[in-house]
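Visitor: Quick one: this structure, given as C-alpha coordinates, is what I'll be asking you about.
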Amino acid sequence: MNARTNRKIRGGRGKFMGMDVLILHTLGRRSGQPRETPVAWFADGEEARLVVASGGGSQHPDWYVNMMAHSDQASIELPGGDTVRVTPHRLDGADREQAWQRISAAQPRIAKYQSKSDREYPVIRLTRR
(Lines give C-alpha, C1' and ligand atoms only; values in the text may rest on other atoms or scores of the structure.)
Protein backbone atom coordinates (compact mmCIF):
# COMPACT_ATOMS: atom_id res chain seq x y z
CA MET A 1 0.00 0.00 0.00
CA ASN A 2 2.79 2.46 0.90
CA ALA A 3 4.65 1.77 -2.36
CA ARG A 4 1.47 2.35 -4.39
CA THR A 5 0.73 5.59 -2.53
CA ASN A 6 4.33 6.76 -2.98
CA ARG A 7 4.07 6.16 -6.76
CA LYS A 8 0.90 8.28 -6.86
CA ILE A 9 2.56 11.09 -4.90
CA ARG A 10 5.59 11.00 -7.19
CA GLY A 11 3.21 11.15 -10.13
CA GLY A 12 1.83 14.43 -8.81
CA ARG A 13 -1.26 13.17 -6.99
CA GLY A 14 -0.87 14.55 -3.50
CA LYS A 15 -4.29 13.69 -2.02
CA PHE A 16 -5.46 10.61 -0.14
CA MET A 17 -8.90 10.36 1.46
CA GLY A 18 -9.28 14.12 1.11
CA MET A 19 -5.97 14.89 2.86
CA ASP A 20 -2.74 16.32 1.48
CA VAL A 21 0.02 13.70 1.55
CA LEU A 22 3.79 13.68 1.14
CA ILE A 23 6.53 11.08 1.40
CA LEU A 24 8.52 11.23 4.62
CA HIS A 25 12.13 10.04 4.31
CA THR A 26 13.75 8.72 7.49
CA LEU A 27 16.47 6.30 8.53
CA GLY A 28 15.64 3.15 10.50
CA ARG A 29 16.52 3.77 14.13
CA ARG A 30 18.39 0.46 14.47
CA SER A 31 19.22 -0.50 10.90
CA GLY A 32 20.14 2.93 9.55
CA GLN A 33 18.40 1.91 6.31
CA PRO A 34 16.39 4.50 4.36
CA ARG A 35 12.63 4.42 4.85
CA GLU A 36 9.87 6.12 2.82
CA THR A 37 6.43 6.59 4.34
CA PRO A 38 3.43 8.44 2.94
CA VAL A 39 1.89 10.70 5.59
CA ALA A 40 -0.87 13.28 5.68
CA TRP A 41 0.22 16.83 6.35
CA PHE A 42 -1.35 20.13 7.32
CA ALA A 43 -0.09 23.61 6.49
CA ASP A 44 1.60 25.57 9.27
CA GLY A 45 2.62 28.82 7.64
CA GLU A 46 4.47 29.07 4.36
CA GLU A 47 7.52 26.98 5.20
CA ALA A 48 6.25 24.45 7.75
CA ARG A 49 4.02 21.39 7.74
CA LEU A 50 2.37 19.50 10.57
CA VAL A 51 2.13 15.70 10.72
CA VAL A 52 0.33 13.54 13.28
CA ALA A 53 1.90 10.33 14.62
CA SER A 54 -1.26 8.29 15.15
CA GLY A 55 0.18 4.85 14.40
CA GLY A 56 -3.02 2.86 14.74
CA GLY A 57 -3.79 4.40 18.11
CA SER A 58 -1.90 2.12 20.50
CA GLN A 59 1.74 3.03 19.85
CA HIS A 60 3.94 5.53 18.06
CA PRO A 61 4.37 4.63 14.38
CA ASP A 62 7.78 3.43 13.22
CA TRP A 63 8.27 6.49 11.02
CA TYR A 64 7.92 8.76 14.06
CA VAL A 65 10.41 6.80 16.20
CA ASN A 66 12.83 6.60 13.26
CA MET A 67 12.52 10.32 12.52
CA MET A 68 13.12 11.35 16.12
CA ALA A 69 16.12 8.99 16.43
CA HIS A 70 17.73 10.47 13.31
CA SER A 71 16.14 13.92 13.19
CA ASP A 72 19.11 15.38 11.31
CA GLN A 73 18.43 13.01 8.38
CA ALA A 74 14.71 13.70 7.85
CA SER A 75 13.38 14.98 4.55
CA ILE A 76 10.07 15.19 2.74
CA GLU A 77 9.20 14.52 -0.88
CA LEU A 78 6.37 16.58 -2.26
CA PRO A 79 3.97 15.58 -5.05
CA GLY A 80 5.86 15.74 -8.31
CA GLY A 81 9.21 14.87 -6.75
CA ASP A 82 10.72 17.92 -5.02
CA THR A 83 12.65 16.80 -1.92
CA VAL A 84 13.20 19.13 1.02
CA ARG A 85 15.41 18.49 4.05
CA VAL A 86 13.44 19.21 7.23
CA THR A 87 13.91 19.54 10.96
CA PRO A 88 11.19 17.84 13.04
CA HIS A 89 10.01 19.41 16.27
CA ARG A 90 7.43 17.70 18.50
CA LEU A 91 4.90 20.24 19.72
CA ASP A 92 3.87 20.32 23.37
CA GLY A 93 1.52 22.34 25.56
CA ALA A 94 -0.22 25.34 24.04
CA ASP A 95 1.65 24.96 20.72
CA ARG A 96 0.34 21.41 20.32
CA GLU A 97 -3.17 22.41 21.35
CA GLN A 98 -3.33 25.25 18.81
CA ALA A 99 -2.00 23.01 16.05
CA TRP A 100 -4.37 20.20 17.06
CA GLN A 101 -7.37 22.54 16.84
CA ARG A 102 -6.42 23.48 13.25
CA ILE A 103 -5.79 19.84 12.30
CA SER A 104 -9.04 18.54 13.80
CA ALA A 105 -11.03 21.38 12.20
CA ALA A 106 -9.53 20.51 8.81
CA GLN A 107 -10.02 16.75 9.27
CA PRO A 108 -12.58 15.85 11.97
CA ARG A 109 -11.92 12.14 11.39
CA ILE A 110 -8.48 12.59 13.00
CA ALA A 111 -10.06 13.99 16.17
CA LYS A 112 -12.50 11.06 16.20
CA TYR A 113 -9.60 8.64 15.75
CA GLN A 114 -7.73 10.33 18.64
CA SER A 115 -10.78 10.05 20.90
CA LYS A 116 -10.58 6.24 20.64
CA SER A 117 -7.01 6.09 21.95
CA ASP A 118 -5.59 6.46 25.46
CA ARG A 119 -2.37 7.86 23.96
CA GLU A 120 -2.05 11.51 22.95
CA TYR A 121 -0.90 11.57 19.34
CA PRO A 122 2.31 13.50 18.83
CA VAL A 123 2.05 16.50 16.50
CA ILE A 124 5.29 17.28 14.72
CA ARG A 125 6.19 20.51 12.94
CA LEU A 126 8.48 19.95 9.95
CA THR A 127 10.44 23.05 8.97
CA ARG A 128 12.82 23.49 6.07
CA ARG A 129 16.42 22.95 7.12
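Visitor: For S75, what residues show an amide H to amide H distance below 5 Å, using hydrogens built from the backbone and excluding near sequence neighbours?
Guide: The list, which skips near neighbours in sequence, is H25, V86.
Visitor: Oh, and also: May I have the pair-distance distribution P(r) for the chain, computed from all Cα-Cα distances with 5 Å bins from 0 and rounded to whole percent?
Guide: Taking every Cα pair in the chain, the percentages come to 2, 11, 21, 24, 23, 14, 5, 0.
Visitor: I need the semi-axes of the equivalent ellipsoid of the stretch 33-106: take the C-alpha gyration tensor, multiply each eigenvalue by 5, square-root it, list largest first in whole angstrom.
Guide: 20, 16, 12
Visitor: Could you give each residue of the stretch 115-126 its phi-based ³J(HN,Hα) in whole Hz, using Karplus coefficients 6.51, -1.76, 1.60 with θ = phi - 60°, and x for Gly or Pro?
Guide: Each residue of the stretch 115-126 in turn: 5, 8, 10, 7, 9, 7, 5, x, 10, 10, 8, 9 Hz.
Visitor: Using a 1.4 Å probe over the heavy atoms of the protein chains, calculate the carbon and sulfur portion of the accessible area of the chain as a whole percent.
Guide: 47
Visitor: If you don't mind, there's one more thing I want to ask. If you stretched the chain out fully between N2 and D95, how much longer would it get, using 0.36 nm times the residue separation minus the C-alpha to C-alpha distance?
Guide: Stretched fully, the N2-D95 segment lengthens by 30.5 nm.
Visitor: Quick one: compute the contact order of the chain, relative version, from alpha carbon pairs under 8 angstrom and 6+ residues apart, as a percent.
Guide: 28
Visitor: Could you give the spread of the C-alpha atoms of the stretch 71-113 along their three principal axes, from largest to smallest, in whole angstroms?
Guide: That gives 31, 24, 15 Å along the principal axes, largest extent first.
Visitor: Using the alpha carbons of the stretch 8-64, what is the convex hull volume per residue in cubic angstrom, as a whole number?
Guide: With only Cα atoms used, the stretch 8-64 gives 107 Å³ per residue.
Visitor: So, for the chain, what is the accessible surface per residue at a probe of 1.4 Å, expressed in square angstrom?
Guide: Accessible area per residue, the chain: 57 Å².
The values are calculated or read from the model by the stated rules, or taken from the named source; none is laboratory data. Keep in mind that what you see is a predicted model, and the values were worked out from it rather than measured. Just so you know, the surface numbers come from the protein's heavy atoms only, side chains and all, with ligands and any DNA or RNA stripped out. Shrake-Rupley method; radii C 1.70, N 1.55, O 1.52, S 1.80 Å.
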